[in-house]
């Protein structure tokens with residue numbers, strides 16, 4: 001219409017005073033009218049073409065800088081591999097899936113600011129993150145008020161999903177995971193006098209308390225418990241205090257970077273008691289950072305690249321081809337989370353209300369961690385999760401010789 005209008009004005013000026021002006025004007029007006037009443041099917045097709053070019057957006061908040069940056073990098077690898085799969089198969093009903101990753105540095109204050117940004121950006125259909133439960137829980141009220149699903153796929157704090165009906169997680173709650181670890185340590189490995197070193201955050205303190213209660217129920221005793229700060233580097237004094245309690249084992253509630261440092265310093269200081277660690281240490285980086293010192297460390301994980309399931313081996317093969325390394329739990333969780341978010345949008349609709357309702361209905365989604373998974377509608381966490389019991393052997397993670405293929409609580 002705009003082009004026709006411009007042509008009409010130009011031609012009227014050029015041909016002013018000529019006898020053909022009227023005929024030309026009539027012809028142009030007729031053409032304009034025909035264009036105005038184009039068939040509805042043509043208009044719909046044109047609009048569909050334009051709309052299909054617009055991607056669907058997922059918001060991500062997590063650490064890309066600071067002391068936890070390595071976890072954000074593993075997330076990106078998992079996300080990107082998932083998007084290659086989704087978009088390589090035509091996207092979601094013709095739309096590409098994209099993500100906006102905002103750097104929170106695992107800082108609760110920054111997570112709150114990012115939450116408000118995502119709530120205000122109407123393109124964002126669902127949010128993934130943050131890394132730590134503390135950062136996520138600080139931002140939860142913003143997402144709940146704003147009507148945007150917060151998918152905290154690594155948030156294991158028992159209270160995370162209690163923040164409202166917009167909070168969902170595929171992470172096993174510490175209320176479930178710590179008893180699994182306690183049972184592995186006490187019943188599987190036979191340790192009865194346990195010293196615990198824990199990250200002195202809300203996540204670490206809560207995990208320590210749940211572990212201690214579960215270990216006691218299994219007939220063991222926590223003879224010492226020492227917290228340490230997230231930026232702490234020298235653990236020698238803490239290890240000295242631990243040794244004075246005469247434990248028969250040490251349990252770490254740590255991430256892989258600090259966990260590796262603790263093990264190295266313990267072995268260098270002559271601390272030879274067996275060490276077990278919560279599943280958050282499971283990563284090739286733990287092996288790289290810990291070196292020979294971490295041989296013999298016991299841990300557990302939802303994900304293990306040696307799992308023979310076809311979906312796991314397909315993911316591992318593609319990850320190795322793209323990044324030249326084995327995926328860790330954080331990459332696998334990120335991959336699963338993006339696949340799930342895309343599937344919710346595909347099945348239930350590309351708006352926030354549909355996504356909210358879809359999380360309550362979704363099931364039978366392929367998962368490299370869980371096989372297929374569904375949510376428990378009461379807890380809004382993954383239902384029926386399992387853990388694999390592992391040990392570091394010859395510089396590699398391996399299934400513990402005494403373990404069943406998987407143990408459920």
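Based on what the data block shows, is residue 213 under 25 Å from residue 382 (Cβ atoms) and either touching a residue at least 24 places away in the same chain (Cβ under 8 Å) or in contact with a helix residue (DSSP H, G or I) (Cβ under 6 Å, 6 or more places away or on another chain) (or both)?
Details: under 25 Å from residue 382 (Cβ atoms): yes; either touching a residue at least 24 places away in the same chain (Cβ under 8 Å) or in contact with a helix residue (DSSP H, G or I) (Cβ under 6 Å, 6 or more places away or on another chain) (or both): no.
Here the answer is no, as residue 213 does not meet what is asked.
For first residues located in the range 225-238 and closer than 13 Å to residue 252 by Cα, partners that are modelled with pLDDT of 95 or more and part of a loop (DSSP other than H, G, I, E, B) and lie 6+ apart or on another chain with Cβ distances below 7 Å form the pairs 227/200; 228/200; 228/235.
Among the candidates 324, 349, 358, the residue that is more than 28 Å from residue 150 (Cβ to Cβ) and either over 16 Å from the mean Cα position of the chain (by Cα) or free of Cβ contacts under 8 Å to residues at least 60 places away in the same chain (or both) is uniquely 324. For beta carbons closer than 6 Å, sequence separation of 6+ or different chains, a first residue in the range 328-341 that is closer than 15 Å to residue 374 by Cβ and a second that is assigned to a helix (DSSP H, G or I), the qualifying pairs are 339/82. With respect to the stated conditions, residue 91 fails to be crowded, with 24+ Cβ neighbours inside 10 Å, modelled with pLDDT of 95 or more and on the phi > 0 side of the Ramachandran plot. Here residue 260 passes the criteria (1) free of Cβ contacts under 8 Å to residues at least 40 places away in the same chain; (2) surrounded by fewer than 21 Cβ atoms within 10 Å (Cβ to Cβ) except the one numbered (2). Which of the residues belonging to the range 240-272 are in contact with a helix residue (DSSP H, G or I) (Cβ under 8 Å, 6 or more places away or on another chain) and more than 20 Å from residue 289 (Cα to Cα)? Once the filter is applied, which keeps residues that are in contact with a helix residue (DSSP H, G or I) (Cβ under 8 Å, 6 or more places away or on another chain) and more than 20 Å from residue 289 (Cα to Cα), the range 240-272 yields only 249. One residue stands out among those in the range 64-73 that are within 10 Å of residue 131 (Cβ to Cβ) and either in contact with a helix residue (DSSP H, G or I) (Cβ under 6 Å, 6 or more places away or on another chain) or in contact (Cβ under 8 Å) with a residue 60 or more places away in the chain (or both): the one that is surrounded by the most Cβ atoms within 10 Å (Cβ to Cβ), which is 71.
Might you let me know whether the range 291-299 holds any residue that is at pLDDT below 95, crowded, with 20+ Cβ neighbours inside 10 Å, touching a helix residue (DSSP H, G or I) at 6+ places or on another chain (Cβ under 8 Å) and under 18 Å from residue 180 (Cβ atoms)? Checked against the condition, which is being at pLDDT below 95, crowded, with 20+ Cβ neighbours inside 10 Å, touching a helix residue (DSSP H, G or I) at 6+ places or on another chain (Cβ under 8 Å) and under 18 Å from residue 180 (Cβ atoms), the range 291-299 yields no hits at all. Here the strands (runs of 3 or more DSSP E) wholly within the range 183-262 that include at least 2 residues being over 23 Å from residue 401 (Cα atoms) and assigned by TED's automatic domain parsing to the domain that holds residue 277 are 193-199, 221-228. Within the range 122-144, can you find the residues that are at pLDDT 95 or above and part of a helix (DSSP H, G or I)? Across the range 122-144, the qualifying residues are 135, 136, 137, 138, 139, 140, 141, 142, 143, 144.
If you check 144, 150, 229, 174, which single one turns out to be surrounded by fewer than 22 Cβ atoms within 10 Å (Cβ to Cβ) and touching a helix residue (DSSP H, G or I) at 6+ places or on another chain (Cβ under 7 Å)? Talk me through it step by step, then tell me what you get.
On the way: 150 fails: surrounded by fewer than 22 Cβ atoms within 10 Å (Cβ to Cβ); 229 fails: touching a helix residue (DSSP H, G or I) at 6+ places or on another chain (Cβ under 7 Å); 174 fails: surrounded by fewer than 22 Cβ atoms within 10 Å (Cβ to Cβ).
Exactly one residue qualifies, and that residue is 144.
Scanning the range 70-88 for residues that are farther than 17 Å from residue 329 by Cβ and either modelled with pLDDT under 95 or in contact with a strand residue (DSSP E or B) (Cβ under 7 Å, 6 or more places away or on another chain) (or both) yields a count of 3. Checked against (1) under 22 Å from residue 90 (Cβ atoms); (2) touching a strand residue (DSSP E or B) at 6+ places or on another chain (Cβ under 6 Å), residue 314 meets all criteria but (2). For the range 354-405, residues that are in the same structural domain as residue 282 (by TED's automatic domain parsing), more than 21 Å from residue 180 (Cβ to Cβ) and surrounded by 20 or more Cβ atoms within 10 Å (Cβ to Cβ) total 0.
For residue 306, the criteria (1) touching a strand residue (DSSP E or B) at 6+ places or on another chain (Cβ under 8 Å); (2) surrounded by fewer than 17 Cβ atoms within 10 Å (Cβ to Cβ); (3) at pLDDT 95 or above hold in every case but one, which is (3).
Select, from 101, 79, the only residue that is under 26 Å from residue 374 (Cβ atoms) and assigned by TED's automatic domain parsing to the domain that holds residue 343. When all the criteria are applied, what remains is 79.
The values are calculated or read from the model by the stated rules, or taken from the named source; none is laboratory data. Just so you know, these numbers come straight off a predicted model, no measurement behind them. Here the Cβ is made from the backbone with ideal geometry for all residues, glycine too, and neighbour counts use every protein chain on show.
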